[in-house]
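These notes concern the structure reproduced below.
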């Protein structure tokens, strides 16, 4: 004779059935413990027993101070792995991006497989081969050197053949047809340069990355702002480095512009790392920031406030970008959206690295 179901088993089966029949969606919130207790005419202790079981089995997840939420576990569960391929992992803004991705994937019952290309195109190709051979449902990728055509077409075709969904962050793989989440870098370059122009600077140097779509767009924004003030582009005070010669080039370029008879009064830097390197070179030459040279940069990383000169910079969304990327890839895997495209409007963070002319 079959034993009668216990009270907590009745509650467990009720919520499992809702999920299996797709009557609820991943991320929807369950009623409170009191509401469940009233619905089933049981004690809160019984409700907690049921919820604990559902959490352990992956049917729901809990958020401290918020309550319980449905996961996307189904009885015929398939692949639950998402690969994340970034240029770096433990450096600069990447820990926060990855943290945002991991947090959101975990909430929705997905596993994270982490890869990094070290910003090298050949390493990226090898990573792609490894990823394609894994049992994954989706890929979040920051293309090496962030150039538009670096996501190898043969790799993309293999992803699509295996029905592996993918979304790019910080760059887009294909302007028209790919899923991506980016910051409007051109507008960011414009905002930084325009801020310096409003402070009265007219002789504004710049230092951008050449093998990088972000650098290219930030340069366009810089030129756009100059044009609006009827100032011509002076290639003698605009430096463009590539990944492999970054350190040496920044040193040489900074010394060059500081030695000019008509020395620039400000400089737009590709990111906070570059800005700090410029500041170090200025110190060696006895140039004070911002009294002698104003500096602006991108990303609002921890480096922006790590030295005695707090940088005026464009804020990178970091963790929010990671969370958004994870939500998008899950929606793509589960068929709710096709190829989402999102662009953050750049936010200018004003600190003390600039002075009025």
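Structure above, values below:
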{"item": "Matching option when the condition is touching a strand residue (DSSP E or B) at 6+ places or on another chain (Cβ under 7 Å) and at pLDDT 85 or above, among 47, 24", "result": "24"}
{"item": "Wholly within segment 293-357, strands (runs of 3 or more DSSP E) carrying at least 2 residues that are crowded, with 22+ Cβ neighbours inside 10 Å", "result": "294-299, 312-315"}
{"item": "Checking residue 223 against (1) free of Cβ contacts under 8 Å to residues at least 40 places away in the same chain; (2) in contact with a strand residue (DSSP E or B) (Cβ under 6 Å, 6 or more places away or on another chain), the condition it does not meet", "result": "(2)"}
{"item": "Selection within segment 265-292 - closer than 14 Å to residue 203 by Cα and surrounded by 21 or more Cβ atoms within 10 Å (Cβ to Cβ)", "result": "266, 267, 268"}
{"item": "Only one of 175, 186 that is surrounded by fewer than 22 Cβ atoms within 10 Å (Cβ to Cβ), in a helix (DSSP H, G or I) and either out of contact with any strand residue (DSSP E or B) (no Cβ under 9 Å at 6 or more places or on another chain) or at pLDDT 95 or above (or both)", "result": "186"}
{"item": "Qualifying residue in segment 228-235 (condition: in contact with a helix residue (DSSP H, G or I) (Cβ under 6 Å, 6 or more places away or on another chain) and either part of a helix (DSSP H, G or I) or surrounded by 20 or more Cβ atoms within 10 Å (Cβ to Cβ) (or both))", "result": "no"}
{"item": "Residues located in segment 29-44, provided they are exposed (fewer than 14 other Cβ atoms within 10 Å of the Cβ) and in contact with a strand residue (DSSP E or B) (Cβ under 8 Å, 6 or more places away or on another chain)", "result": "29, 32"}
{"item": "Some residue of segment 276-284 being closer than 30 Å to residue 97 by Cα, modelled with pLDDT of 95 or more and outside any helix (DSSP H, G or I)", "result": "no"}
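Rundown of residues vs (1) in a loop (DSSP other than H, G, I, E, B); (2) modelled with pLDDT of 90 or more; (3) closer than 23 Å to residue 315 by Cα, yes/no style:
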position	(1), (2), (3)
36	no, yes, no
39	no, yes, no
82	no, yes, no
91	yes, no, yes
102	no, yes, yes
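The values are calculated or read from the model by the stated rules, or taken from the named source; none is laboratory data. Bear in mind that the values here come from a model prediction, so they are computed numbers and not experimental data. FYI the Cβ positions are ideal-geometry reconstructions off the backbone, even for glycines, and counts take in every protein chain you see.
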